[in-house]
Every structure is written in structure tokens, then in C-alpha cells.
Amino acid sequence: MPLDRAAGVRRDVGSTLAFNFLVPSVIAVQVAAAATGDGELTEELSVVWGEDAAPLPVIEAAGPNHGRVHIIEAEAGPVTIRYSASTSASAVIAPVPERSTPSMYDDEVITGLRQSRYCPSDMMLGFAQAELGAFAGTEKTAAAVASWVFERIIYQPGSSGPTDTAIDTLLSGAGVCRDLAHLTITLCRALGVPARLVSVYAPGLMQMDFHAVVEVWRDGRWEVLDPTRLAPRSSLVRIATGRDAADTAFAATLRGDVELVWTEVFAVVDGDLPLDDHEEVVTLAYG
């Protein structure tokens, strides 16, 4: 079943994060759509503090691998962050290039081969070879890994904790999107395929939340895989990209003591949601 092309289709996305700063604190948030060069992006970000909703200044910094980080400093009290965006930049169904681009020495690609906090690929070399070694060194390696994770690991909200690694997910047999992504990344790296995690807005996702998918390096490009298969890949909007969830967290406390009170996320497309057979090659837009 072919995918519906979604390039140029408008996506409306956004989120609201409510925090309680228990003491004067500084946080870094990654909720803004990544800057893109292939479509329009209009957006609005507001940060307010206190019962009177006084506006707070925000510092924007470049995040890892094309993401954007916003730094917020405030005194003790409630802080609410609201972000909304409309973008026509989108994932595309990528044609197979005439020949591969030999860029294995690119820094991002090399990083995609290294073990990381949640993806200890060095500890899963034997398991990856035993389970999926027949696909190693072929063009089907990454797709086979994503299918294996989809078939073996149950998507179950609330089944994992914030410190669980890919090994914990493998042993428990259940997890949320970031857990399935971590296991896919770990097995890909163990089989020699550069892989990384991408946080995204995902129209069609139920229940709506921030979503995590995987990018793998093949044929000179980063191709997106979703081992949960919960949302069409061509509708996704990139937020942040990194080695694993440690690089792509939507909020991190840099100083002080902060509690997250509640979150709300939305993501919709203009028109019908595109189809996805999770077989064709899809690449995510980024600047």
C-alpha cells in the first residue's frame, strides 16, 4: 500500500507545560518545532510567571542536531509555557538516490554508532547477532529491527520509568514510545547501523502526547522509523534530535527545584491524515 504524499500539507502543533518553581530556578525546554528550510513556519511562544501571569524573558539557543532549546529563569512560583506553530515543512517520501553518499565519517553519523545512556549497544552485541544477525549488512537491517521490536514489545503506557534503558525494555517486554525507540536504536547500533532518537509532534497519535521515533542512516540520508506504528511518519514534525532521550527531553532543570504540574499536547493536519505502510522510505524535514 503506497503512502499518501504529505509534503506541503499544513500541520498545526503545540503544547502547554505548567510548572511549579519551588525555589528560584532555571529550566531548558525543547518544545519548538525544529527550524526547517523547506517550508513556512509560523509560531508563538509565551512564558508567564505567577498568579498575575507576568511575561518572562526567554533565551533561545541551538539544540543538538538541528533542535532548538529555550532557557527560562524565574523566581519561585507557577510558570506556564505555551507554544503553537503552523508549518508546511514536512516529512517526505524519499526517492532512492542513484548512488549512496559515503559520509560515514560525518560527526552525526559517527555519534549514531556509539552507545549512550539509554542505548547500551555494546552490551547487546551478542543478542543482536543471535536474533537479527541474518539481516546484518543488508539494506533491510534497520527495517527488520523496527519490525522485530514492534512484534515483540508491547506498547503499554505507564509500564516503564524515566531511568529504564533498552535492556530494561527488552527484559520487561513492554514500554512507551521512547522505550521502543531506545531498543530499536540499540539493536541497530549493535548491528552497525547508525541510529538516533527524534522527538516529534505526531498528528494521529492516540493518546496525544510528545512522541519518539528513530532515524537511521542509510544511502546517505536519515530515514525515519516508528517501531510503535502509532502515527503516520509523513505527518510528523521534528522537535529535537539526539543520541537518546537524554538529549531530547522536553524539559530539564538546569538549576533549582522544579516540578511539572501538567502538560497538554496537540498535533493535527490540514485535511485527511496520510496513510503509512511503514515500508516506504520517509525522511523528516529539518534545517
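Of everything in segment 218-246 that's of a type outside the set (A, V, I, L, M, F, W, C) and within 19 Å of G175 (Cα to Cα), which residue is surrounded by the fewest Cβ atoms within 10 Å (Cβ to Cβ)?
Residues of segment 218-246 of a type outside the set (A, V, I, L, M, F, W, C): 218-221, 223, 226-229, 232-235, 238, 241-244.
Applying the additional criterion that residues be within 19 Å of G175 (Cα to Cα) yields 226-229, 243-244.
Working: D226: 27, P227: 29, T228: 23, R229: 16, R243: 22, D244: 23.
Ranking the qualifying residues of segment 218-246, first place goes to R229.
When you scan segment 38-112 for strands (runs of 3 or more DSSP E) that lie fully inside it, which ones turn up with 3 or more residues that are at pLDDT 70 or above and surrounded by 14 or more Cβ atoms within 10 Å (Cβ to Cβ)?
41-49, 68-74, 77-87
Any idea which of (1) within 23 Å of R68 (Cβ to Cβ); (2) in contact with a Ser or Thr (Cβ under 6 Å, 6 or more places away or on another chain); (3) surrounded by 18 or more Cβ atoms within 10 Å (Cβ to Cβ); (4) not aromatic (F, W, Y) is the one D179 doesn't satisfy?
(1)
Which of the residues spanning segment 122-143 are touching a strand residue (DSSP E or B) at 6+ places or on another chain (Cβ under 9 Å) and within 14 Å of T184 (Cα to Cα)?
T141, A142, A143
Pairs under 7 Å by beta carbon, first residue free of Cβ contacts under 8 Å to residues at least 40 places away in the same chain in segment 154-167, partner exposed (fewer than 13 other Cβ atoms within 10 Å of the Cβ) and of a type in the set (G, A, S), six or more apart or different chains?
Listed pairs, sorted by first residue: I154/G173.
From V281, V265, grab the single residue that is at pLDDT 95 or above, of a type in the set (A, V, I, L, M, F, W, C) and either surrounded by fewer than 24 Cβ atoms within 10 Å (Cβ to Cβ) or under 13 Å from the mean Cα position of the chain (by Cα) (or both).
After applying the criteria, what remains is V265.
Which members of segment 116-142 meet the condition of being within 18 Å of the chain's Cα centre (by Cα) and surrounded by 19 or more Cβ atoms within 10 Å (Cβ to Cβ)?
S116, Y118, C119, A142
Can you pull out the residues in segment 11-51 that are without any contact (Cβ under 8 Å) to a residue 60 or more places away in the chain and either in contact with a helix residue (DSSP H, G or I) (Cβ under 8 Å, 6 or more places away or on another chain) or closer than 25 Å to A74 by Cβ (or both)? It would help to see each step written out before you state the result.
Narrowing segment 11-51 to residues without any contact (Cβ under 8 Å) to a residue 60 or more places away in the chain: 40-51.
Residues satisfying the conditions are E43, E44, L45, S46, V47, V48, W49, G50, E51.
For segment 226-270, which residues satisfy the criterion of being aliphatic (A, V, I, L, M) and in contact with a Cys (Cβ under 9 Å, 6 or more places away or on another chain)?
Within segment 226-270, L230 is the sole residue that qualifies.
The values are calculated or read from the model by the stated rules, or taken from the named source; none is laboratory data. None of these values were measured; they are calculated from a predicted model. All Cβ positions, even for glycine, are placed from backbone atoms using ideal geometry, and neighbour counts span all protein chains on display.
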